[in-house]
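Asker: A single structure is presented below for examination.
The values are calculated or read from the model by the stated rules, or taken from the named source; none is laboratory data. What you see is a predicted model, and the numbers here were worked out from it, not measured in a lab. Note that each Cβ is placed from the backbone with ideal geometry, even for glycine, and that neighbours are counted across all protein chains shown. These accessible areas exclude ligands, DNA and RNA; they are computed on the full protein's heavy atoms, side chains included. Shrake-Rupley method; radii C 1.70, N 1.55, O 1.52, S 1.80 Å.
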Amino acid sequence: MTPACAASPTGDAPGRRAAWCGTWLLLAAALLALCGASVGSTGFDSLLRMRTDPVAWQIVCDIRLPRTLGAWLAGALLGLAGAVAQGLFRNPLADPYLLGSASGAALGVTVAMAWFGVSALATPWLARIGTAGMAFAGAVLAVLLTLLLARGVQHTLRLLLAGVVVGVVLGALRDLVQLASPDILRAVHAFALGSTAFVGWAACALMAAAWGLCSVLAWTLARALDALTLGEATAASLGLPLTPMRAGLVAAMALATAVAVAQTGLIAFVGLAAPHLLRSIVRVTHARHILLSSFMGALLLLAADILARWLLAPQELPVGVLTAALGGSYLLWLMHRRTVQAGGA
């Protein structure tokens, strides 16, 4: 916000709208969290008996609550990464997986599962790392390979193309590993569908720390995204150190995506749809947009997780399937509305 705008009577209107939007998103998430504590295979009964029944207490406090908080945190990470990706690539269709992190995480999980099953020598150290650790390592290595192939972060188009190439190559490697170990197909498929069922308090603490770090980093460097909306040449003329700022934003996006994917699997459309939904409600600078998109992504994934538990209870739907169906439907509707508006104009 410019000084002149800040001094005007209505200059703080975007800030007030952003504050109200963030407040409502957090209040809605709090209400959904209460629902998340009571939705499950045993229904409300565990919530009512948790004070007197140790088993009910364990179900609510050790399973439902960390899962609910984990869904909020994973959605917050994906929403943040999606907002950074769309600002960095100046493309409203960009999503957090563009740098190959999804393919790298899937490859890491596939290799871990295959080695768990066929290599006794690999089991001890892989058991300590775990599939979540291998997913995180695969996602980070994929991003590093993308940066190496793109020769840094200076050229956005080259970075985008490198991410696509790395994603395709690592996806092919994953398929080869699956062909060599067909017994892991079901487990790898479950990871690809996404689930919050195995998120515990330790995973919540890890995602909370990553979200805090990525939020601070993205908030600090958001000026680069505001400048890039004016064009590459104009942004460079403002005197901003674009290369290190881009590198920091890529690091924030990669870390947020890697941590979320490692804990919950590949959950589609949250990082893509959250910034779109937010822009339809309020338009603010990128610093506020990133934070509010994070809250929106958290709300979306939390709502989808509760629906996944409730629709077919006591069975569950994979939350990634639900987000893909709902997110895809929303984007199709958005495209149709813009087409109608353009035709009317």
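Asker: Compare L301, L217 by solvent-accessible area with a 1.4 Å probe and give them largest first, with all protein chains kept in place.
Answerer: I get L217, L301, largest accessible area first.
Asker: Now a separate question. Before rounding to the nearest 500, sum -39500 (n - 2.57) across all DSSP H runs of length at least 4 in the chain and divide by the residue total; then give [θ] at 222 nm in deg cm²/dmol.
Answerer: -26000 deg cm²/dmol
Asker: Determine ³J(HN,Hα), in whole Hz, for all residues of region 256-273 in sequence, where each value follows from phi through the Karplus function 6.51 cos²θ - 1.76 cosθ + 1.60 and θ = phi - 60°; x replaces Gly and Pro.
Answerer: Per residue, the Karplus-derived 3J(HN,Hα) values read 4, 5, 5, 5, 5, 5, 4, 8, 10, x, 8, 9, 8, 6, 5, x, 7, 7 Hz.
Asker: So, one more: Taking θ = phi - 60°, what integer Hz values does the Karplus form 6.51 cos²θ - 1.76 cosθ + 1.60 yield along region 73-89, in sequence order, with x for Gly and Pro?
Answerer: Once θ is set to phi - 60°, the couplings for region 73-89 become 5, 5, x, 5, 5, 5, x, 4, 5, x, 5, 5, 4, 5, x, 5, 8 Hz.
Asker: Give the accessible area for Y97 in Å² (nearest 10); use a 1.4 Å probe, count only protein heavy atoms, and leave out ligands, DNA and RNA.
Answerer: Rounded to the nearest 10, that gives 50 Å².
Asker: Still on this structure: Which of the peptides 102-112, 282-292, 332-342 is most tightly packed, and how do the rest follow, judged by the mean count of other Cβ atoms within 10 Å per residue?
Answerer: Averaged packing, sorted descending, gives the order 102-112, 282-292, 332-342.
Asker: What accessible area, in Å² to the nearest ten, does a 1.4 Å probe give for C35?
Answerer: 60
Asker: Can I ask one more? Sort the following peptides by mean Cβ neighbour count (other Cβ atoms within 10 Å, averaged over residues), highest first: 165-174, 149-158.
Answerer: Per-residue Cβ counts within 10 Å, averaged per peptide and sorted highest first, yield 165-174, 149-158.
Asker: Continuing with the same structure: For Rg/Rh (Cα atoms, Kirkwood Rh), which listed value, (i) 0.95; (ii) 1.00; (iii) 1.04, comes from the coordinates shown?
Answerer: (ii)
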